[in-house]
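To keep things clear, I will list the structure first and then write my remarks on it.
The values are calculated or read from the model by the stated rules, or taken from the named source; none is laboratory data. Every value quoted in this text rests on a predicted model; they were computed, and no experiment measured them. When we count neighbours, we look across all protein chains shown, and the Cβ atoms used for this are built from the backbone with ideal geometry, even at glycine.
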Amino acid sequence: MIGNIAASAAADCQNSLAFWTFIVTTAGVLILTAYTVAAFWQAILTRRAIREARESREEAAAATLRSNEATEESNRIAERSLELGRRAWVIMTGMVAPTKFNPGEPLRIKTTMRNSGGVPATNVISKLAIAIIPSTAQLPDEPPPTHGEEFFAVVPVGRPVKGLGIFDGLSESEANGIESGRDTLYFVCRIDYTDTFRKPRWSIACWRYAREFDRWVVAAKHNHAE
(Lines give C-alpha, C1' and ligand atoms only; values in the text may rest on other atoms or scores of the structure.)
Protein backbone atom coordinates (compact mmCIF):
# COMPACT_ATOMS: atom_id res chain seq x y z
CA MET A 1 0.00 0.00 0.00
CA ILE A 2 2.73 2.33 1.04
CA GLY A 3 4.73 1.33 -2.09
CA ASN A 4 1.80 2.18 -4.35
CA ILE A 5 1.43 5.60 -2.73
CA ALA A 6 5.11 6.29 -3.15
CA ALA A 7 5.02 5.17 -6.79
CA SER A 8 1.98 7.31 -7.46
CA ALA A 9 3.62 10.33 -5.86
CA ALA A 10 6.76 9.77 -7.86
CA ALA A 11 4.74 9.54 -11.05
CA ASP A 12 2.86 12.73 -10.21
CA CYS A 13 6.14 14.49 -9.44
CA GLN A 14 7.62 13.29 -12.73
CA ASN A 15 4.57 14.44 -14.67
CA SER A 16 4.66 17.82 -12.91
CA LEU A 17 8.36 18.18 -13.67
CA ALA A 18 7.79 17.31 -17.30
CA PHE A 19 4.96 19.83 -17.50
CA TRP A 20 6.97 22.65 -16.04
CA THR A 21 9.96 21.68 -18.12
CA PHE A 22 7.74 22.00 -21.20
CA ILE A 23 6.39 25.32 -19.98
CA VAL A 24 9.86 26.70 -19.29
CA THR A 25 11.23 25.38 -22.61
CA THR A 26 8.31 26.82 -24.53
CA ALA A 27 8.66 30.14 -22.74
CA GLY A 28 12.38 30.17 -23.52
CA VAL A 29 11.69 29.49 -27.20
CA LEU A 30 9.07 32.24 -27.27
CA ILE A 31 11.38 34.67 -25.52
CA LEU A 32 14.27 33.77 -27.87
CA THR A 33 11.98 34.15 -30.88
CA ALA A 34 10.69 37.50 -29.61
CA TYR A 35 14.29 38.66 -28.98
CA THR A 36 15.37 37.48 -32.42
CA VAL A 37 12.45 39.30 -34.06
CA ALA A 38 13.14 42.41 -31.99
CA ALA A 39 16.84 42.30 -32.85
CA PHE A 40 16.04 41.79 -36.53
CA TRP A 41 13.56 44.67 -36.50
CA GLN A 42 16.05 46.83 -34.61
CA ALA A 43 18.66 46.04 -37.26
CA ILE A 44 16.19 47.05 -39.98
CA LEU A 45 15.38 50.28 -38.14
CA THR A 46 19.08 50.98 -37.61
CA ARG A 47 19.89 50.47 -41.29
CA ARG A 48 16.93 52.64 -42.25
CA ALA A 49 18.04 55.36 -39.85
CA ILE A 50 21.60 55.19 -41.21
CA ARG A 51 20.32 55.38 -44.79
CA GLU A 52 17.98 58.27 -44.01
CA ALA A 53 20.78 60.07 -42.16
CA ARG A 54 23.12 59.57 -45.12
CA GLU A 55 20.47 60.74 -47.57
CA SER A 56 19.76 63.71 -45.32
CA ARG A 57 23.46 64.59 -45.21
CA GLU A 58 23.75 64.23 -48.98
CA GLU A 59 20.68 66.38 -49.54
CA ALA A 60 21.98 68.96 -47.06
CA ALA A 61 25.35 68.96 -48.83
CA ALA A 62 23.65 69.30 -52.22
CA ALA A 63 21.46 72.12 -50.89
CA THR A 64 24.53 73.86 -49.48
CA LEU A 65 26.32 73.49 -52.82
CA ARG A 66 23.32 74.88 -54.69
CA SER A 67 23.11 77.75 -52.24
CA ASN A 68 26.82 78.49 -52.65
CA GLU A 69 26.52 78.38 -56.43
CA ALA A 70 23.49 80.66 -56.32
CA THR A 71 25.36 83.06 -54.04
CA GLU A 72 28.39 83.08 -56.33
CA GLU A 73 26.18 83.68 -59.37
CA SER A 74 24.36 86.47 -57.54
CA ASN A 75 27.71 88.03 -56.62
CA ARG A 76 28.89 87.79 -60.23
CA ILE A 77 25.70 89.45 -61.46
CA ALA A 78 25.98 92.19 -58.85
CA GLU A 79 29.64 92.76 -59.71
CA ARG A 80 28.86 92.81 -63.42
CA SER A 81 25.96 95.22 -62.89
CA LEU A 82 28.18 97.50 -60.83
CA GLU A 83 30.87 97.36 -63.50
CA LEU A 84 28.44 98.09 -66.33
CA GLY A 85 27.02 101.02 -64.40
CA ARG A 86 30.38 102.51 -63.43
CA ARG A 87 32.86 101.49 -66.11
CA ALA A 88 34.24 103.85 -68.75
CA TRP A 89 32.53 103.95 -72.17
CA VAL A 90 34.64 105.80 -74.72
CA ILE A 91 33.24 106.11 -78.24
CA MET A 92 33.76 108.33 -81.23
CA THR A 93 30.82 110.72 -81.38
CA GLY A 94 31.68 112.86 -84.40
CA MET A 95 34.09 113.66 -87.16
CA VAL A 96 34.88 116.44 -89.62
CA ALA A 97 36.44 115.44 -92.94
CA PRO A 98 36.82 116.86 -96.46
CA THR A 99 34.04 116.46 -98.98
CA LYS A 100 36.23 117.56 -101.88
CA PHE A 101 39.25 115.48 -102.76
CA ASN A 102 42.14 117.12 -104.59
CA PRO A 103 44.82 114.69 -105.75
CA GLY A 104 47.94 114.84 -103.63
CA GLU A 105 46.38 117.00 -100.91
CA PRO A 106 46.67 115.40 -97.43
CA LEU A 107 43.40 114.29 -95.85
CA ARG A 108 42.88 115.93 -92.49
CA ILE A 109 40.15 114.25 -90.43
CA LYS A 110 39.14 115.69 -87.07
CA THR A 111 37.57 113.36 -84.54
CA THR A 112 35.63 113.80 -81.32
CA MET A 113 35.47 111.12 -78.64
CA ARG A 114 33.49 111.17 -75.42
CA ASN A 115 33.50 109.07 -72.26
CA SER A 116 29.86 108.47 -71.29
CA GLY A 117 30.70 106.03 -68.48
CA GLY A 118 31.07 106.54 -64.75
CA VAL A 119 34.86 106.63 -64.35
CA PRO A 120 37.72 108.19 -66.37
CA ALA A 121 39.35 106.14 -69.10
CA THR A 122 43.13 105.79 -69.05
CA ASN A 123 45.84 104.84 -71.54
CA VAL A 124 43.58 105.75 -74.43
CA ILE A 125 44.91 104.99 -77.90
CA SER A 126 43.00 106.16 -80.97
CA LYS A 127 43.93 104.23 -84.12
CA LEU A 128 42.84 105.55 -87.51
CA ALA A 129 42.57 104.21 -91.02
CA ILE A 130 41.00 104.98 -94.41
CA ALA A 131 40.00 102.54 -97.11
CA ILE A 132 38.70 102.91 -100.67
CA ILE A 133 36.30 100.18 -101.79
CA PRO A 134 34.33 99.86 -105.06
CA SER A 135 30.82 101.18 -104.48
CA THR A 136 29.33 97.96 -105.83
CA ALA A 137 31.20 95.85 -103.25
CA GLN A 138 30.12 95.09 -99.72
CA LEU A 139 32.12 96.44 -96.80
CA PRO A 140 34.29 93.52 -95.56
CA ASP A 141 33.41 91.86 -92.27
CA GLU A 142 36.85 92.71 -90.95
CA PRO A 143 37.62 96.44 -90.64
CA PRO A 144 40.68 97.74 -92.50
CA PRO A 145 43.94 97.70 -90.54
CA THR A 146 44.66 100.89 -88.64
CA HIS A 147 48.03 102.64 -88.79
CA GLY A 148 48.01 106.18 -87.42
CA GLU A 149 47.79 106.48 -83.62
CA GLU A 150 47.04 109.17 -81.04
CA PHE A 151 47.65 108.69 -77.31
CA PHE A 152 45.64 110.27 -74.48
CA ALA A 153 46.67 109.60 -70.89
CA VAL A 154 43.16 110.26 -69.55
CA VAL A 155 39.72 110.82 -71.09
CA PRO A 156 37.53 112.27 -68.33
CA VAL A 157 33.82 111.59 -67.95
CA GLY A 158 31.49 113.71 -70.09
CA ARG A 159 34.12 115.99 -71.61
CA PRO A 160 34.66 115.76 -75.41
CA VAL A 161 38.22 115.05 -76.50
CA LYS A 162 39.42 116.16 -79.92
CA GLY A 163 41.76 114.23 -82.18
CA LEU A 164 43.29 114.69 -85.60
CA GLY A 165 44.29 112.20 -88.26
CA ILE A 166 46.38 113.23 -91.25
CA PHE A 167 46.61 110.89 -94.23
CA ASP A 168 48.59 111.01 -97.45
CA GLY A 169 46.80 112.65 -100.34
CA LEU A 170 44.81 110.54 -102.78
CA SER A 171 46.07 109.77 -106.24
CA GLU A 172 44.28 111.27 -109.21
CA SER A 173 42.66 107.93 -109.99
CA GLU A 174 41.47 107.52 -106.39
CA ALA A 175 40.10 111.05 -106.22
CA ASN A 176 38.29 110.64 -109.58
CA GLY A 177 36.84 107.29 -108.46
CA ILE A 178 35.36 108.84 -105.33
CA GLU A 179 34.09 111.97 -107.11
CA SER A 180 32.44 109.88 -109.82
CA GLY A 181 30.81 107.49 -107.35
CA ARG A 182 32.71 104.49 -108.68
CA ASP A 183 34.45 104.06 -105.34
CA THR A 184 33.56 104.78 -101.72
CA LEU A 185 35.93 106.24 -99.13
CA TYR A 186 35.69 104.82 -95.60
CA PHE A 187 37.21 106.14 -92.40
CA VAL A 188 37.73 103.86 -89.34
CA CYS A 189 38.59 104.85 -85.78
CA ARG A 190 39.36 102.22 -83.16
CA ILE A 191 39.78 103.31 -79.53
CA ASP A 192 41.56 101.08 -77.00
CA TYR A 193 41.61 101.99 -73.31
CA THR A 194 41.40 100.81 -69.71
CA ASP A 195 39.68 102.05 -66.54
CA THR A 196 39.64 101.49 -62.79
CA PHE A 197 38.35 97.94 -63.31
CA ARG A 198 41.68 97.19 -65.03
CA LYS A 199 40.13 95.50 -68.02
CA PRO A 200 41.08 96.18 -71.64
CA ARG A 201 38.22 97.83 -73.49
CA TRP A 202 37.67 99.10 -77.00
CA SER A 203 35.23 100.66 -79.39
CA ILE A 204 35.20 101.10 -83.15
CA ALA A 205 33.48 103.58 -85.43
CA CYS A 206 33.24 103.55 -89.21
CA TRP A 207 32.07 106.38 -91.45
CA ARG A 208 31.81 106.67 -95.22
CA TYR A 209 31.69 109.56 -97.62
CA ALA A 210 28.20 109.47 -99.16
CA ARG A 211 28.57 111.15 -102.54
CA GLU A 212 24.79 111.16 -103.06
CA PHE A 213 24.44 113.41 -100.00
CA ASP A 214 27.85 115.09 -100.32
CA ARG A 215 28.60 114.38 -96.67
CA TRP A 216 29.96 111.76 -94.32
CA VAL A 217 27.54 109.26 -92.75
CA VAL A 218 27.84 106.33 -90.36
CA ALA A 219 28.66 103.13 -92.23
CA ALA A 220 26.55 99.99 -92.08
CA LYS A 221 29.26 97.97 -90.27
CA HIS A 222 31.96 98.30 -87.64
CA ASN A 223 30.18 100.54 -85.15
CA HIS A 224 30.18 98.84 -81.76
CA ALA A 225 31.91 98.75 -78.40
CA GLU A 226 33.14 96.10 -75.97
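Table for the structure above
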| item | result |
| --- | --- |
| Residue satisfying condition, being β-branched (Val, Ile, Thr) and over 16 Å from Val90 (Cα atoms), within set Ile125, Ile178 | Ile178 |
| The range 200-226, residues that are touching a residue at least 12 places away in the same chain (Cβ under 8 Å) and in a loop (DSSP other than H, G, I, E, B) | Arg211, Glu212, Asp214, Ala219, Ala220, Lys221, His222, Asn223, Glu226 |
| Any strands (runs of 3 or more DSSP E) falling wholly within the range 91-172 and containing at least 3 residues that are free of Cβ contacts under 8 Å to residues at least 60 places away in the same chain and more than 30 Å from Phe197 (Cα to Cα) | 121-134 |
| Count of residues meeting criterion [buried (at least 17 other Cβ atoms within 10 Å of the Cβ) and under 19 Å from Gly117 (Cα atoms)] in the range 149-188 | 3 |
| Within the range 199-217, tally of residues that are exposed (fewer than 14 other Cβ atoms within 10 Å of the Cβ) and either under 18 Å from Ile132 (Cα atoms) or over 40 Å from the mean Cα position of the chain (by Cα) (or both) | 5 |
| Residue in the range 177-184 that is assigned to a helix (DSSP H, G or I), of a type outside the set (A, V, I, L, M, F, W, C), more than 29 Å from the chain's Cα centre (by Cα) and modelled with pLDDT of 95 or more present | yes |
